[in-house]
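Scroll down for the structure; my scribbles are underneath it.
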Amino acid sequence: MAKGPVGQPARSEAPGDAGHPADALTATDAGLENLAEDPRVARGNAEERVRKGCELLRRGRLDDAQAAFEAAIALEPENAQAHNKLGVVLAHKGKLDEARMRFQKALTLDPRCAAAMSNLGNIYKEQNMLDRAVEFYKMALSVDPDHATAHHNLGVVYRQMGMIDRAVGHFKQAHRLELRAMSRESQAAARAGRYVWLLIVAALILAYVLAFRK
């Protein structure tokens with residue numbers, strides 16, 4: 001979470017939905033298993049691989065995450081999210097050129113993919129092409145003004161460029177957006193908890209009624 005203009009590292013986009021815990025995927029699993037003739041089934045399988053890949057990425061299992069995203073692409077070559085997430089894995093492995101190609105592919109498939117734009121900004125930042133990085137972070141924010149990661153990373157680059165006032169503004173905006181997201185998650189969790197208690201109470205009442213009807 002952004003705390004100020006000093007010592008802020010750039011962030012890759014968030015791994016995404018945790019999905020369900022996934023086991024390691026083998027090479028065969030990465031492209032041959034579960035291939036379906038029905039495109040709708042293939043898309044469903046691809047989305048499941050993306051969810052598994054996001055969970056593996058969140059847990060730092062880069063090789064397994066890469067296999068999952070590659071499997072998703074084998075099933076659905078035009079899945080922009082899978083290309084973008086594969087780029088994130090490759091960037092974490094230090095394969096910046098390959099990562100950039102994946103982010104560019106994601107943008108070709110989905111020209112409004114703000115996450116891929118922000119990730120491309122990260123690649124150019126790592127290559128010390130700061131003006132180019134700023135361009136892509138701004139592109140991401142033009143598509144999604146509430147993209148907290150893009151705000152944070154733009155602040156990082158502005159700090160490197162000596163534009164401290166701009167950097168602080170973007171760090172503060174990233175911080176506000178992250179707090180808002182945390183608040184929404186807390187409210188959703190609270191609502192889910194209330195629903196669970198209502199179900200428990202309803203089940204107890206039903207059990208009580210049935211017991212006295214015997």
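Only one of these is of a type in the set (Asp, Glu) and part of a loop (DSSP other than H, G, I, E, B): Glu98, Glu78. Name it. Break it down into steps so the answer makes sense when it comes.
Values: Glu98 fails: part of a loop (DSSP other than H, G, I, E, B).
Checking each option against the conditions leaves just Glu78.
Could you grab me the full set of residues in region 81-95 that are among the basic types (Lys, Arg) and assigned to a helix (DSSP H, G or I)?
Filtering region 81-95 for residues among the basic types (Lys, Arg) gives 85, 93, 95.
Matches in region 81-95: Lys85 only.
For region 51-73, what are the residues that are farther than 18 Å from Thr108 by Cβ, of a type in the set (A, V, I, L, M, F, W, C) and crowded, with 21+ Cβ neighbours inside 10 Å?
Cys54, Leu56, Leu57, Ala65, Ala67, Ala68, Ala71
Evaluate the following for Gly60: is it at pLDDT 50 or above and under 30 Å from Phe171 (Cα atoms)? Before you say what the answer is, go through the steps one by one.
On the way: at pLDDT 50 or above: yes; under 30 Å from Phe171 (Cα atoms): yes.
Yes; evaluated as a whole, the condition is true for this residue.
Can you tell me which residue among Phe171, Phe103 is out of contact with any strand residue (DSSP E or B) (no Cβ under 8 Å at 6 or more places or on another chain), under 23 Å from Arg51 (Cβ atoms) and not small (Gly, Ala, Ser)? Full working, then the answer.
Numbers: Phe171 fails: under 23 Å from Arg51 (Cβ atoms).
Of Phe171, Phe103, the one residue that is out of contact with any strand residue (DSSP E or B) (no Cβ under 8 Å at 6 or more places or on another chain), under 23 Å from Arg51 (Cβ atoms) and not small (Gly, Ala, Ser) is Phe103.
Would you check which residues across region 128-155 are touching a helix residue (DSSP H, G or I) at 6+ places or on another chain (Cβ under 7 Å) and either at positive phi or not in a helix (DSSP H, G or I) (or both) and list them?
Once the filter is applied, which keeps residues that are touching a helix residue (DSSP H, G or I) at 6+ places or on another chain (Cβ under 7 Å) and either at positive phi or not in a helix (DSSP H, G or I) (or both), region 128-155 yields Asp144, Asp146, His147.
Among Ala82, Ala150, which is the only one that is over 30 Å from Ala42 (Cα atoms), surrounded by 23 or more Cβ atoms within 10 Å (Cβ to Cβ) and not β-branched (Val, Ile, Thr)?
Among Ala82, Ala150, only Ala150 is over 30 Å from Ala42 (Cα atoms), surrounded by 23 or more Cβ atoms within 10 Å (Cβ to Cβ) and not β-branched (Val, Ile, Thr).
Which residue, of Leu177, Leu120, is over 24 Å from Arg61 (Cβ atoms), assigned to a helix (DSSP H, G or I) and at pLDDT below 95? It would help to see each step written out before you state the result.
Details: Leu120 fails: at pLDDT below 95.
One residue alone meets the criteria, Leu177.
Any residue in region 123-150 that's over 19 Å from His92 (Cβ atoms): show its pairings with residues that are among the aromatic types (Phe, Trp, Tyr) at Cβ separation under 6 Å, as long as the two are six or more apart or on different chains.
Qualifying pairs under 6 Å: Arg132/Tyr124.
The values are calculated or read from the model by the stated rules, or taken from the named source; none is laboratory data. Everything numeric in this text was worked out from a predicted model, so none of it was measured. Cβ coordinates were reconstructed from backbone atoms using ideal geometry, including for glycine residues, and neighbour counts include every protein chain displayed.
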